[in-house]
Structure formats: structure tokens, C-alpha cells
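Scroll down for the structure; my scribbles are underneath it.
Laboratory data are not the source of any read-out in this text; all were calculated from the coordinates shown. Keep in mind it's a predicted model, so treat the numbers as computed, not measured. Quick reminder, even Gly has a Cβ in these numbers, built from the backbone with ideal geometry, and neighbours come from all protein chains shown.
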């Protein structure tokens with residue numbers, strides 16, 4: 001079974017600074033997807049960024065980028081120029097890639113990010 | 001695009017009562033998922049539909065839980081004889097057809113409190 005581990009329950013960052021959230025996962029699959037989802041307080045979860053395991057290039061979405069280390073099974077999220085609106089719970093998630101299999105996400109326990117003004 | 005909607009947003013019930021939640025996915029999304037999220041934890045998968053067929057169920061989905069998606073559009077999740085341990089946020093998500101579909105779009109959730 002796949003597992004996702006987020007070892008930082010809470011993190012804080014000064015506004016305009018950079019922060020990195022850690023995630024490790026365990027799988028025997030070679031093809032899969034990894035995601036970072038953001039869950040603001042009392043609001044629905046939204047996708048921040050995704051990475052296909054077969055791609056060596058790290059994904060980037062504006063101020064958000066990942067450091068994907070497939071051999072180490074590590075998938076960290078870097079947020080640059082942090083903004084107050086980035087404050088939220090961040091979840092790392094894994095999904096198998098194979099056609100025909102269930103496509104459910106396996107989530108980590110989350111990292112609560114606080115942005116300090 | 002109205003997004004995924006869930007109803008009700010909050011439900012308080014007494015132990016032993018039955019409750020039913022509804023999820024309306026994004027139109028034309030043929031895949032629908034239910035997750036349960038307890039306080040301070042990440043969501044855990046409960047069940048998955050492709051169109052009207054329920055293709056996957058988690059071991060978390062005990063006999064007291066049943067989910068349906070009768071016409072391949074909205075879905076309902078029913079919990080019978082609720083227990084205090086059922087208190088959680090119940091999240092619904094949907095994704096479009098296509099083998100390489102990746103992103104799941106989440107609804108706002110239904111927060112269940114069992115007294």
C-alpha cells in the first residue's frame with residue numbers, strides 16, 4: 001500500500017520570504033502522480049501543483065515549485081514570495097497512474113502554514 | 001462552472017440516527033469520489049464511482065455506509081446508525097473522463113457531528 005508522510009505539522013514564514021514544505025512517500029509503482037493541495041480555513045481544497053513521475057523536470061506554477069527526487073521518494077513544495085493568502089493547510093497526495101485502477105488519492109497528514117505579516 | 005457542490009454543509013445528529021449527504025459533481029465529470037477527513041488529518045478515501053458504477057470501496061466503508069450514483073450524475077452517501085466515531089468532514093470530488101485525467105476537484109464538504 002502506498003503511504004504519504006508529511007513530517008512538519010506546522011510551518012511559518014514571513015511575508016515575501018520563501019518556505020519549503022516536505023513530503024515523502026512510499027510506493028512500489030514506477031508510474032504515478034504527485035500533488036500538492038491547499039485547504040484554506042473553511043474553504044474547499046484546491047490543487048496547487050502536480051508532478052508526473054515519468055517527468056524528470058520539476059513542475060513550476062508561478063510562485064510554487066517542487067523538488068521531485070524519485071529515487072529518494074521525496075516531493076517538497078517551495079513557495080516563493082509568500083503572501084498572506086498562502087496561509088492554509090497543505091496536503092501532499094499520491095495517485096497511481098495505471099489505467100483501469102482506482103484513481104483515489106492517498107494524502108499525507110498535512111502541514112499548517114502560517115504567513116506572518 | 002459551478003464547481004462541486006455538497007449538501008448539507010453541516011449536519012448535527014444524535015447517535016443511532018441515519019444521515020444522508022448529497023454531492024453534485026462538475027457537469028460531465030464521470031468520476032466521483034468520497035473521502036472522509038477527521039480533524040488534523042488528511043482525507044481518506046471511501047469510495048469511487050465511474051458513471052453509475054461503484055468500482056472501488058475502502059475498508060473504511062463499513063456496512064453502515066452506503067453510496068449511490070443512480071444516474072451517473074449526483075451521488076448520495078448514507079450512514080446508518082451513526083456513531084460518535086463517524087464525526088468528520090465528508091468530502092466529495094470529481095474528475096473528468098479520460099485515461100490521463102489527473103486533477104480531482106473537491107467540494108466544500110459536509111461536516112458531520114454525532115452527539
Next on the checklist: Please compute, for the alpha-carbon atoms of the protein assembly as shown, the extent along each of the three principal axes and give them in descending order in Å.
Outcome noted: 48, 40, 34
Item to check | Residue exposure sequence - A:94, A:32 - by fewest surrounding Cβ within 10 Å | outcome: A:32, A:94
Item to check | Average other protein chain Cβ within 10 Å of Cβ, residues A:91-98 | outcome: 2
Checklist outcome for this item: Averaged over the residues of B:102-111, the number of partner chain Cβ atoms within 10 Å of each residue's own Cβ comes to 5
Checklist entry - What's log10 of I(q)/I(0) for region A:1-106 at q = 0.14, 0.17, 0.19 Å⁻¹, Debye sum over Cα points only, no solvent? => result -0.54, -0.79, -0.97
Next on the checklist: Using Cβ contacts closer than 10 Å as the measure, can you line up B:36, B:111 from fewest to most?
Outcome noted: B:111, B:36
Checklist entry - When B:31, B:59 are ordered from fewest to most other Cβ atoms inside 10 Å of their Cβ, what list results? => result B:59, B:31
Item to check | Inter-probe distance in nm under a simple model that places probes 7 Å from Cα toward Cβ, at residue B:78 and residue B:55 | outcome: 2.5 nm
Checklist entry - Across peptide B:37-47, what mean number of C-beta atoms from other chains lies inside 10 Å of a residue's C-beta? => result 5
Checklist entry - What are the semi-axes of the equivalent ellipsoid for chain B, taken as the square roots of 5 times the Cα gyration tensor eigenvalues, largest first, in whole Å? => result 23, 14, 13
